[in-house]
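Peer 1: Provided herewith is a single structure, encoded as structure tokens, for subsequent inquiry.
The values are calculated or read from the model by the stated rules, or taken from the named source; none is laboratory data. Since we're looking at a predicted model, the values are computed, not measured. Every residue, glycine as well, gets a Cβ built from its backbone with ideal geometry; the counts of neighbours run over all protein chains shown.
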Amino acid sequence: MDRGDSRAYTTRMSVRTRFAPSPTGYLHVGGARTALFNWLFARRMGGSFILRVEDTDEARNTDEARQAIFDGMSWLGLDWDEGPAKGGDYGPYFQSERREIYDAWFQKLLEAGRVYEDGGAWRFRFERKPVTMHDLVCGEVTIDYRDESNTPDMVVKRSDGSYVFHFVNVVDDLEMEISHVIRGEDHLMNTPKHLQLIEAFGGKAPQYAHIPLILNPDGSKMSKRDAGAAVGDYPRQGFLPSAVVNFIALLGWSSKTDEEIFTPEELIGRFTLDNVNRAPARFDFEKCKWVNQQHLLKVAADDFAAASKPFVEAAGLAIPENFAAIAAAVKEKVRLLGEVPAAVDFLIGDGYSHDEEAVAKVRANAAAKELLGVLAGSFGSIDDWSADAAKAALNEVAKAAGAKPGPLMFPLRVALSGRGHGPDIGDILNLLGKDRCAARVRKFADML
RNA sequence: GACCCGUUCGUCUAUCGGUUAGGACUCCAGAUUUUCAUUCUGGCAAGAAGGGUUCGACUCCCUUACGGGUCGCCA
């Protein structure tokens, strides 16, 4: 592989960011946001985004976790320019395959007398002095390495011959010519260690930007099992990738305007490290769902129907011929695609349940039962059953029965759907068809 | 415990010395929708506390409190 001057020259001024997860669990929203910020920054600056898998801990790595990272990032739309399945001039992109590279760099430390053996492992000897970092988010932070009790020399090579995170991370960032390291604040205290290593190597340090962590709604650290923690859960619940990207971008970053709903492209156009906050943000699932609804509102009806289909099927409902129309009727009523099955079940089969509260409300209305009875009997005489016509016909029926149409709407809705909320009543009438409507209204009237 | 970072409505945030401290989510009320949702209008709700600096502080400094992070042959 040629690593001559030409490449060094052309990449000198270019931005290269990376996401470096270790495949020891599923992809976490915190990790996803770190990846997102790196991706946004690289895209914004016209640079490259690299995916590097830090799989040095063989005991904890799993293939499932590796796949979860790829799947999660692909789903979110965070495409990488270099990395697994993509290649690039700085590979390999799995640390487990970079052994020779690490050995060579370790040799430099050895020759420089910066490491010493301790119990079979090798420790890096820190220079005992204050180390200052210039973080793009945190500003200037100084850690005093003269205080040895707080900064013991770190192990860089284990007694089994493998290398630890700090070492491989620094070597790879140098080797891959990473220009900006954007990572979680939990790495802030590691940075002076990395700076010392880089100095010992005689390398040029990348710019660092430590972003605040994401917390649970109660302020505790967000970890596995917490609601919303696993990126893999989002598709299952019916979130749109663009909505999740939008929402997690808002955690710790602000456009500094009143706008909140952005497409990924719009985020790229606005993203800057300057607008990243310092304080950790709590994860508000309700707002995440609202953001999803806003994105759902913007998708085309056909796409909404197609995206809803798998959820409806998974709920055990058969897809009817008029499914596109059914989906369109509930498009504006749901926040998640996962809510679609429960919203359309009564339009597909007869196995839907009745909401007791809604039924009780109708029962409390003495006139409802009689009115519904009249209504059921008159359906047969209505010829045009389009949504608008069906609604118009309601007026006539109500008038004939000496009642106003308004008060009839709610009982009819409950009679047809079993609940108080749902699609437009005209849509329900039309989607259900005249016969099913008559049967349901009659049955419901008898039930009262 | 030591060392770092942080602290504006319940939550996400705007404000970069002078504002009736703005927006969004949630919640409540009203309008529209003959119904539901959408939408619109209005409302509730905040500068952790105490000292400074200043004509003037949410904004700058200090202290305390609280929260988070780091102190591994994990990453």
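Peer 1: List the residue pairs whose Cβ atoms are under 9 Å apart, where the first residue sits in segment A:353-378 and is polar (S, T, N, Q), the second is exposed (fewer than 15 other Cβ atoms within 10 Å of the Cβ) and part of a helix (DSSP H, G or I), and the two are 6 or more positions apart or on different chains.
Peer 2: From residues that are polar (S, T, N, Q), the pairs are A:Asn365/A:Pro407; A:Ser378/A:Glu396; A:Ser378/A:Ala400.
Peer 1: Going by the conditions given, is A:Leu76 surrounded by 12 or more Cβ atoms within 10 Å (Cβ to Cβ) and away from RNA strand B (no atom under 14 Å from the Cβ)? Write out each step before concluding.
Peer 2: Details: surrounded by 12 or more Cβ atoms within 10 Å (Cβ to Cβ): yes; away from RNA strand B (no atom under 14 Å from the Cβ): yes.
The answer is yes for A:Leu76.
Peer 1: Just checking, does segment A:99-109 include any residue being buried (at least 17 other Cβ atoms within 10 Å of the Cβ), more than 7 Å from RNA strand B (Cβ to nearest atom) and β-branched (Val, Ile, Thr)?
Peer 2: Scanning segment A:99-109, I find no residue that is buried (at least 17 other Cβ atoms within 10 Å of the Cβ), more than 7 Å from RNA strand B (Cβ to nearest atom) and β-branched (Val, Ile, Thr), so the answer is no.
Peer 1: Considering only residues that are β-branched (Val, Ile, Thr) and at pLDDT below 95, which ones fall in segment A:188-210?
Peer 2: none
Peer 1: Just for segment A:159-211: of the residues that are surrounded by 20 or more Cβ atoms within 10 Å (Cβ to Cβ) and either near RNA strand B (Cβ under 7 Å from one of its atoms) or polar (S, T, N, Q) (or both), which one is farthest from A:Ala281 (Cα to Cα)?
Peer 2: A:Gln196
Peer 1: A further question follows. Taking the condition assigned to a loop (DSSP other than H, G, I, E, B) and crowded, with 18+ Cβ neighbours inside 10 Å, does A:Phe239 pass? Explain how you work it out, then say what you get.
Peer 2: Working: assigned to a loop (DSSP other than H, G, I, E, B): yes; crowded, with 18+ Cβ neighbours inside 10 Å: yes.
So A:Phe239 fits the description; yes.
Peer 1: Identify all residues within segment A:146-167 that are among the hydrophobic types (A, V, I, L, M, F, W, C) and either at pLDDT below 90 or not in a loop (DSSP other than H, G, I, E, B) (or both); write none if there are none. Quick ask: steps written out before the conclusion?
Peer 2: So in segment A:146-167, the residues among the hydrophobic types (A, V, I, L, M, F, W, C) come out as A:154-156, A:164-165, A:167.
Within segment A:146-167, A:Met154, A:Val155, A:Val156, A:Phe165, A:Phe167 meet the criteria.
Peer 1: Give the residue that is nearest to the chain's Cα centre (by Cα), with candidates limited to residues of segment A:396-427 that are of a type in the set (A, V, I, L, M) and more than 16 Å from A:Ser353 (Cα to Cα).
Peer 2: Step one: of segment A:396-427, the residues of a type in the set (A, V, I, L, M) are A:397-398, A:400-401, A:403, A:408-409, A:412, A:414-416, A:425.
Restricting the remaining residues to those that are more than 16 Å from A:Ser353 (Cα to Cα) gives A:397-398, A:400-401, A:403, A:408-409, A:425.
On the way: A:Val397: 50, A:Ala398: 49, A:Ala400: 54, A:Ala401: 53, A:Ala403: 51, A:Leu408: 43, A:Met409: 39, A:Ile425: 35 Å.
Checking each candidate, the answer is A:Ile425.
Peer 1: May I pose another question? State all residues of segment A:354-381 that are closer than 15 Å to A:Val441 by Cα and outside any helix (DSSP H, G or I); if no residue qualifies, say none.
Peer 2: A:His354
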